[in-house]
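The values are calculated or read from the model by the stated rules, or taken from the named source; none is laboratory data. What you are looking at is a predicted structure, and each value in this text was computed from that prediction instead of being measured. Here the Cβ is made from the backbone with ideal geometry for all residues, glycine too, and neighbour counts use every protein chain on show.
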Amino acid sequence: MIASPGDSSLEEMIADTPRGIFVTRFHYTNPVEPTKAILTGLTRDGTFLIEGGEMRKPVVNLRYTDSMLSALRNISLVGKELECLEEATVPAMKLERLRFTGVTEY
């Protein structure tokens, strides 16, 4: 998968967020219902609470389960920089919603 870059910096995306979750990386994404593009997985390598346009504190890793069609339909900002991952080259994206369904327990 390759996505085109946008015109926002990561700092602008964070500043534009009154309350949200900053996800550094998604880990082991698996299909739940492929015909509806519903995927599940965990956050990894840094997940933080954003309040008042600033990263406030780290939070535990979260499980997400959601339709990626729905999540990607609601992108409000796209980052300038592309990141090359194993199977994708994509910019940072600010999603208006993603359903988190659980937390990891340590």
Scanning segment 24-46 for residues that are touching a residue at least 60 places away in the same chain (Cβ under 8 Å) and either closer than 18 Å to K57 by Cβ or not hydroxyl-bearing (S, T, Y) (or both) gives L42
Is one or more of the residues making up segment 94-104 farther than 16 Å from T24 by Cβ, assigned to a strand (DSSP E or B) and among the polar types (S, T, N, Q)?
yes
Taking into account only those residues within segment 1-29 that are outside any loop (DSSP other than H, G, I, E, B) and modelled with pLDDT under 95, which is farthest from the chain's Cα centre (by Cα)?
I2
Report yes if E83 is modelled with pLDDT under 95, more than 15 Å from V23 (Cα to Cα), more than 12 Å from the chain's Cα centre (by Cα) and not in a helix (DSSP H, G or I), otherwise no.
no
Anything in segment 30-42 that is in a strand (DSSP E or B) and surrounded by 15 or more Cβ atoms within 10 Å (Cβ to Cβ)? List them, or say none.
I38, L39, T40, G41, L42
Taking segment 68-80 on its own, how many of its residues are modelled with pLDDT of 95 or more, surrounded by fewer than 15 Cβ atoms within 10 Å (Cβ to Cβ) and touching an Asp or Glu at 6+ places or on another chain (Cβ under 7 Å)?
2
Considering only residues that are surrounded by 15 or more Cβ atoms within 10 Å (Cβ to Cβ) and not in a strand (DSSP E or B), look in segment 43-67 and name the one that is nearest to the chain's Cα centre (by Cα).
N61
